[in-house]
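All of the numbers you see were taken from the coordinates with simple rules; none came from a lab. The structure presented is a predicted model; accordingly, all values stated were derived computationally and were not measured. Glycine also receives a Cβ, built like all others from the backbone with ideal geometry; neighbour counts cover every protein chain displayed.
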Amino acid sequence: MKKTILTLVAAAALHTASAQNSAVTNAVLFQRQGTLDKARTEIDKAITNEKTSNKAKTWYTRGEIYDAMVSSPIYGKGLAAGEGAKIAFESYQKAIQLDGKDGEFGKQATQKLDGLYGLALNAGVENYNGKKYDDALKAYSMAQQIRPQDTTAYLYAAYAAAAKEDFLAAKEQYTKLQGIGYKSPQMYTALLQMARQEKNEAEASKVLQQALQAFPNNKTFMLEDLNTDLSAGRSKEALAKIDKAIAADPKNANLYAVKGSLLDQAKQPAQALEAYKKAVEIEPENFDANFNLGVYNYNKAADLYTKASKMSLAEYQKSGKKFEADGKKYFQDSLPYFEKALAVQPNDRSTISSLQKAYLRVGRTADSEKMAAKMDALNKK
């Protein structure tokens, strides 16, 4: 009787173990048949059972099933964006944890993980396009863990973090990129934009200097550096850098116009004149260069008239008329530049005022009155 009872207990134990393992076996069979929905149901049972949940085979099989579902045009529809790749990733990791990298299923799971990289990356992109930035970041993080030396997942993660305006997280991704030796103009541009959005000029300056160190001949960074000096009123520093910027972008008329302005400030009018002329040569419609060429000639004329007015009678009789004649010629020379500037910016008050005075000096009274009327009309607006 005792023997019979023991036999029955043993049979019951065998039956229980068989039932527990059958979920994994069924999952494998359904997977081979291509009925992945049924395979999913069975394997999800297996991972909750205490007898099978601690076996590497269970988790490896689960990884394979979800991996296959993601790639399936039919069964993939039953998964949320990124869900399949996430579960497959976690399952393969669990298999490696239980079996070790040298175990039967641990080895296979390690190989499968590398193949999962593309799925993780695609899941991130899908979530990003759907504006689910947190989910995108999780997927990109998964991809980074699979291939820690591949730059793509870090870049995409930075884009996702920036899209949700989590600039700290975006910077962390770029820091990781720099840690694996990655450098690109796009990365520094993004870091610079974030610093500017945060109104952190100290950070922006630091990033800009790093960018220039990495890419010293990059036109964009040179212009940013130049604009920084100009905005801060550092004319001397800007003048020292302008020729390098021009060498990088020789067809940029604005650079010559800026150079002319800097040379004006440095009391080098002759060199300023050449810079303005070069700007107009490249871009005949350049407002700043045309206006400043007009100003150059206007100021030369005004200076000659001022000198003539301060002469003694004897000095004036000797050379005053020539000073005034030369002055009038300079007023005449200023007109085409002011007129061109006005054509570009018809309501610029400085240009209108300068033209009104210059016309009067050369005897074009009607034109001077037109400018005066134009100014009055603008002032009434």
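Cβ-Cβ distance of A232 and Q186, R₀ of 25 Å, FRET efficiency by 1/(1 + (r/R0)^6): the value works out to about 0.45.
Using only side-chain charges placed at the Cβ, +1 for Lys and Arg and -1 for Asp and Glu, the dipole size of region 270-381 relative to its Cα centre rounds to 460 debye. In this simple spin-label model, placing a label point 7 Å from the Cα along the Cα-to-Cβ direction at both S141 and A80 gives a separation of 1.5 nm. Taking each residue as 0.36 nm, the span from L168 to A247 lengthens on full extension beyond its C-alpha to C-alpha distance by 24.8 nm. Working from Cα positions, state the angle (0 to 90°, nearest 10) between the long axis of helix 83-99 and the longest principal axis of the chain. It is inclined by approximately 60 degrees. For the chain, a Gaussian network of Cα nodes joined below 10 Å ranks D102, D264, D166 by mean-square fluctuation, and the top entry is D102. Sorting 49-58, 28-37 by their mean Cβ neighbour count within 10 Å, with the most densely packed peptide first, gives 49-58, 28-37.
Tell me, Kirkwood radius of the chain from alpha-carbon pair distances, in Å? Provide the component values of the computation, followed by the final result.
On the way: mean 1/r = 0.0358 Å⁻¹.
Every distinct Cα pair counted, the radius reaches 27.9 Å.
The ranking of E224, E64 from fewest to most other beta carbons within 10 Å of each one's beta carbon is E224, E64.
For the peptides 117-128, 294-305, 69-80, the ranking by mean Cβ contacts within 10 Å, running from highest to lowest, is 117-128, 294-305, 69-80. Based on the reciprocal of the average 1/r between different C-alpha atoms, the Kirkwood radius for region 289-335 equals 10.7 Å. Seen against the Cα atoms of the chain and their longest principal axis, helix 36-46 is set at about 70 degrees.
By average Cβ neighbour count within 10 Å, what is the ranking of 84-97, 360-373 from highest down?
Values: 84-97: 22.9, 360-373: 15.0.
Output ranking for 84-97, 360-373: 84-97, 360-373.
If I take R0 = 45 Å and measure r between the Cβ atoms of A377 and N299 in this structure, what FRET efficiency does the formula 1/(1 + (r/R0)^6) give, to the nearest 0.05? My answer for the efficiency is 0.95.
Loop only by DSSP, 16 or fewer other Cβ within 10 Å of the Cβ. Give me the trypsin sites (Lys or Arg not before Pro) in region 257-289 that pass, ordered by residue number. Sites meeting the loop and neighbour criteria: K267. Projecting label points 7 angstrom from Cα along Cα→Cβ for N347 and K199 puts them 2.9 nm apart.
The order of R234, R147, going from fewest to most other C-beta atoms within 10 Å of their C-beta, is R234, R147.
Bridging of K199 to aspartates and glutamates at a Cα separation below 20 Å is possible for E165, D166, E172, E224, D225, D229, once same-chain residues fewer than 8 apart are set aside. From helices alone, the chain scores -25500 deg cm²/dmol at 222 nm; the rule is -39500 (n - 2.57) for each run of n ≥ 4 DSSP H residues, then divide by the residue total. Rg and Dmax of region 286-381, based on Cα coordinates, read 14.7, 50 Å.
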